[in-house]
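Q: I have a structure here, written as structure tokens, and I will follow up with some questions on it.
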Amino acid sequence: MSVSPKILLLDDDQDLLDLYREILTQLPSNPEIFTAATGSRALTMLESEPFTLLVSDLNMPKMDGLQVLSIVRRKFPALRTVVLTSILDEQFRARAYSMGVDMFWQKPTTEAEIKQFLECVESLIGPETKSGFRGMQSKGLVDIVQLECLSRNSTVLKITHGPLVGRIWILDGEVTDAATDNLAGEAAFRQILSWKDGNFESLPADRARPRAIMNSYQGLLLETVQAQDEAQSLAESPTTAGAVPASPMAGFSRFPGVEFVLAAIPGQGAKFEGFGLEDPQGMEDWTRQTLEAFRSLGERLQAGPLQQFQGLGPQRHVALAQCGGRDVCVGWEPNLSAGQIHESMKKILALWVS
């Protein structure tokens, strides 16, 4: 027989305690919900019996929420914690996350915000999983970004995936930029969202950073997820029953219109791999020289890092991009339009970084 999770709700406002106790009763896991109006009372209750989750306000007399959370983290390291507050202060938010808080929530007021809040709390009190990100064990980065944007937050998400580190800048609920060690803008955003697990930190907002991503967060997430799903589906479906591609890169040939693919590490005499090429060394030299020229031009014009370059010709089209620390060149049939190539390249690059 499974035991219901226990949630302790801490707030000095009795009306809010009653309100959020009622809200939390909607959770599918049907938890037992207890309340405390002071920090000392909450700590006494935590000593007396095991709890699954603590939901705490910040602004309270005598012992504030941060003091309670600091003690909780030392004495009850396995207890999951959520801050639920009306304080809109980035320093409080950063301090809470630095103390190991699983989620920081502005008190929800709309039906949509309450629904999202309940979904995130349910993910915290559910069974542990090996995938996901700290504080969002059953969710991925799409959910984390969506949560920040729906809450109209301003923050910098720092995501660590093994040796890889990426950052996503969010300002007033919109994604404004992203960066990894070798990518920037939407390309970096797509790479970061391909990571399936790791850790994330919420850093103070950077309002001085110029906006490099103009797409809305809804459109950005939708395009990224669709591109990854379609690319993975194409890569996993065999060309013929039981057939195995001769090269890992041969999977890219399943995209309509692709004639060849080449990827090389930037630099003179770099290693490369290709598929569908008669003269891969010559194409690698041309790809490297062309991308170096456009990188240099972008620096002189202060136009930012190169995202994608297309060349249209009567016999063949080509598209060049940087992805995953590689210079990538894809050859296309001449009957495709620039728009079709651009959309297919997004799917290929999404598959590449995943």
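Q: Can you tell me which residues in the range 41-64 are over 21 Å from VAL121 (Cβ atoms) and modelled with pLDDT under 90?
A: Within the range 41-64, PRO61, LYS62, MET63, ASP64 qualify.
Q: I've got another one for you. If I filter the range 294-327 down to residues being aliphatic (A, V, I, L, M) and modelled with pLDDT under 85, which single residue comes out as farthest from PHE260 (Cα to Cα)?
A: Residue satisfying both the conditions and the ranking: LEU301.
Q: Look at the range 186-221 and say how many of its residues are of a type in the set (Gly, Ala, Ser) and under 17 Å from ILE348 (Cα atoms).
A: 3
Q: Restricting to the range 172-195, what's the tally of residues that are part of a loop (DSSP other than H, G, I, E, B) and either in the same structural domain as VAL82 (by TED's automatic domain parsing) or touching a strand residue (DSSP E or B) at 6+ places or on another chain (Cβ under 8 Å) (or both)?
A: Residues flagged as part of a loop (DSSP other than H, G, I, E, B) and either in the same structural domain as VAL82 (by TED's automatic domain parsing) or touching a strand residue (DSSP E or B) at 6+ places or on another chain (Cβ under 8 Å) (or both) within the range 172-195 amount to 5.
Q: Within the bounds of the range 316-339, is there any residue that is part of a helix (DSSP H, G or I) and closer than 20 Å to GLU223 by Cβ?
A: Yes - at least one qualifying residue is present in the range 316-339.
Q: Within the set of pairs 6+ apart or on separate chains, which have a first residue in the range 204-222 that is of a type in the set (A, V, I, L, M), a second that is assigned to a loop (DSSP other than H, G, I, E, B) and at pLDDT 90 or above, and C-beta atoms under 7 Å apart?
A: LEU220/ILE213
Q: Right, next: Taking the conditions exactly as written (among the polar types (S, T, N, Q), farther than 15 Å from ILE125 by Cα and surrounded by fewer than 19 Cβ atoms within 10 Å (Cβ to Cβ)), does GLN67 satisfy them or not?
A: Considered against the rule, which asks whether it is among the polar types (S, T, N, Q), farther than 15 Å from ILE125 by Cα and surrounded by fewer than 19 Cβ atoms within 10 Å (Cβ to Cβ), GLN67 comes out as yes.
The values are calculated or read from the model by the stated rules, or taken from the named source; none is laboratory data. Source: prediction; values computed, not measured. When we count neighbours, we look across all protein chains shown, and the Cβ atoms used for this are built from the backbone with ideal geometry, even at glycine.
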